[in-house]
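Scroll down for the structure; my scribbles are underneath it.
No lab work stands behind these numbers, since they all come straight from the coordinates. Remember, it's a predicted structure, so these values are computed and weren't measured experimentally. A quick note on method: Cβ atoms are made from the backbone with ideal geometry, for glycine too, and the neighbour counts reach across all protein chains shown.
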């Protein structure tokens, strides 16, 4: 295994992670925090060991996707809270894949949460905390230079492929993948999957009971948040 580059300065701190430069300009260290936010950071709290769970779960999912031919920013996990990643020029368009009606989709369109969709579909949101990450059309991203048509075609295809891989994997572990958020970026001109895949960014429901095993437990004050995160990690590790 190649030696690990030295961790240098923090250059970004978000709601859930800190990013550090390294002695290799192509690589960064991604640190996972226990801080939890919801409703565009209007609700704040802490989920104990969330960073540890999300780091490990992201490693497992990224490894699965790489094995299936999906290119990601993941290089390797360094310790409980840090992973080494390829440095990306983030495309400011968040991609959401939906399999079942939940969250903002239910609220926006007046649909019943839990309604099965006839087929998965992809939505795009402009990545902007001050604006609350508004829903956008692909044409907006192209018109304002956030992404090209080719970028969006690649992202759409990758997102649906990732959805298929994760749904099969989770179904075998009695988990429904309701919906999830992805972020993509460019690394030497190539689009890679970035960010994380975990209960912060996905809705996971138990297949038998439809019990929520994700950050909705924090958003909705359902209790049992830490237990749900650890239960999800237990399932994906086996």
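Summary of values
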| item | result |
| --- | --- |
| Zone residues, region 29-69, relative to residue 226, backbone N less than 11 Å from point 7 Å out along Cα-to-Cβ | 47-50 |
| Global geometry of region 7-88, whether rounded, prolate or oblate, following the gyration tensor of its Cα atoms and the 1.5 cut on a/c | oblate |
| Net length gained if the chain between residue 60 and residue 24 were fully extended (0.36 nm per residue, minus Cα distance) | 10.5 nm |
| Ranked by how many other beta carbons lie within 10 Å on average, peptides 184-197, 119-132 from highest | 184-197, 119-132 |
| Gyration tensor (alpha-carbon) shape descriptor, the chain, a/c threshold 1.5 | rounded |
| Cβ-derived FRET efficiency at R0 30 Å, residue 237 paired with residue 135, nearest 0.05 | 0.30 |
| Highest-fluctuation residue, 112, 30, 42 considered, GNM on the chain with Cα pairs under 10 Å | 42 |
| Relative contact order [Cα under 8 Å, 6+ residues apart], the chain, whole percent | 17 |
| Approximate spin-label separation residue 209-residue 116, in nm, with each point projected 7 Å along Cα-to-Cβ | 2.2 |
| Label-point separation, residue 70 to residue 219 (7 Å along Cα→Cβ), nm | 2.0 |
| Whether region 90-224 is rounded, prolate or oblate, judged on the alpha carbon gyration tensor where a/c under 1.5 counts as rounded | prolate |
| Two-site label geometry, residue 142 and residue 104: point separation in nm, points 7 Å out along Cα→Cβ | 2.2 |
